[in-house]
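The values are calculated or read from the model by the stated rules, or taken from the named source; none is laboratory data. All figures in this text were calculated on a predicted structure; none of them were measured in a lab. All Cβ positions, glycine included, derive from the backbone under ideal geometry; neighbour counts span all protein chains shown. Each accessible area value is taken on the protein alone, full model and side chains, heavy atoms only, with ligands, DNA and RNA left out. Shrake-Rupley method; radii C 1.70, N 1.55, O 1.52, S 1.80 Å.
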Amino acid sequence: QVQLVESGGGLVQAGGSLRLSCAASGRTFSSYGMGWFRQAPGKEREFVAAISRSGVTINYADPVKGRFTISRDNAKNTLYLQMISLKVEDTAVYYCAIKPPSTIGRRWYATDVDYWGQGTQVTVSS
């Protein structure tokens with residue numbers, strides 16, 4: 001069993017910033033790519049950003065490019081998402097996830113994910 005615990009969400013005005021954290025259990029954190037997904041009410045869970053196990057390869061969904069930064073600290077078993085210039089459209093529950101080994105060499109989607117954290121709510125007001 002793995003455990004992922006997200007934190008750092010909250011209420012912020014448009015144009016503001018938040019930094020999300022995801023604490024992962026286990027000593028194998030550095031063995032996996034990691035990512036952030038989000039889900040707004042009435043919407044499907046969507047990809048936000050991903051980072052390879054070494055941190056060398058990073059990918060972002062188009063809506064967040066230039067505004068969000070994903071990073072990881074393998075020594076602390078922690079994944080981060082720095083969000084700036086937040087928009088109302090960013091309002092969602094944000095989840096972190098482990099990239100399944102079965103997806104190596106290709107993009108991954110919410111339907112590929114085996115384990116989720118409980119999520120942290122981000123609300124951006126106008």
Extending each Cα 7 Å along its Cβ direction at Ala14 and Ser71, get the distance between those two points in nm, one decimal.
2.8
What trypsin sites (Lys or Arg not before Pro) does the stretch 1-69 have in DSSP loop regions with at most 14 other beta carbons within 10 Å?
Arg27, Lys43, Lys65
Local charge sum around Tyr109 (other residues, Cβ-Cβ under 12 Å, Lys/Arg +1, Asp/Glu -1)?
+1
Projected area averaged over all directions for the convex hull of the alpha carbon atoms of the stretch 60-115, nm², comes out at 5.0
Residues of the chain: accessible area per residue with a 1.4 Å probe, Å²:
55
For the chain, projected area of the alpha-carbon convex hull averaged over all directions, nm²
7.2
Say the dipole of the stretch 38-126 comes from +1 at the beta carbon of Lys and Arg and -1 at that of Asp and Glu; which of Pro41, Gly117, Asn59 then lies farthest toward its positive end?
Asn59
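Rounded to the nearest percent, how much of the accessible area of the stretch 1-106 (1.4 Å probe, protein heavy atoms only) is carbon and sulfur?
50
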Roughly how many debye, to the nearest 20, is the charge dipole of the stretch 36-79 about its Cα centre, given +1 on each Lys and Arg Cβ, -1 on each Asp and Glu Cβ, and no other charges?
100
Cut-off 16 Å, label 7 Å out along Cα→Cβ of Thr57, residues of the stretch 91-113 by amide N
98-109
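With r defined as the distance between the Cβ atoms of Val5 and Arg106 and R0 fixed at 30 Å, what FRET efficiency is calculated, to the nearest 0.05? The partial results should precede the final answer.
Working: r = 27 Å, r/R0 = 0.92.
The pair Val5/Arg106 has a calculated efficiency of 0.65.
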Here the FRET efficiency for Thr28 versus Gln118, based on Cβ atoms and R0 = 22 Å and rounded to 0.05, is 0.60
Length-normalised contact order for the stretch 77-126 - Cα pairs under 8 Å, 6+ apart - percent
50
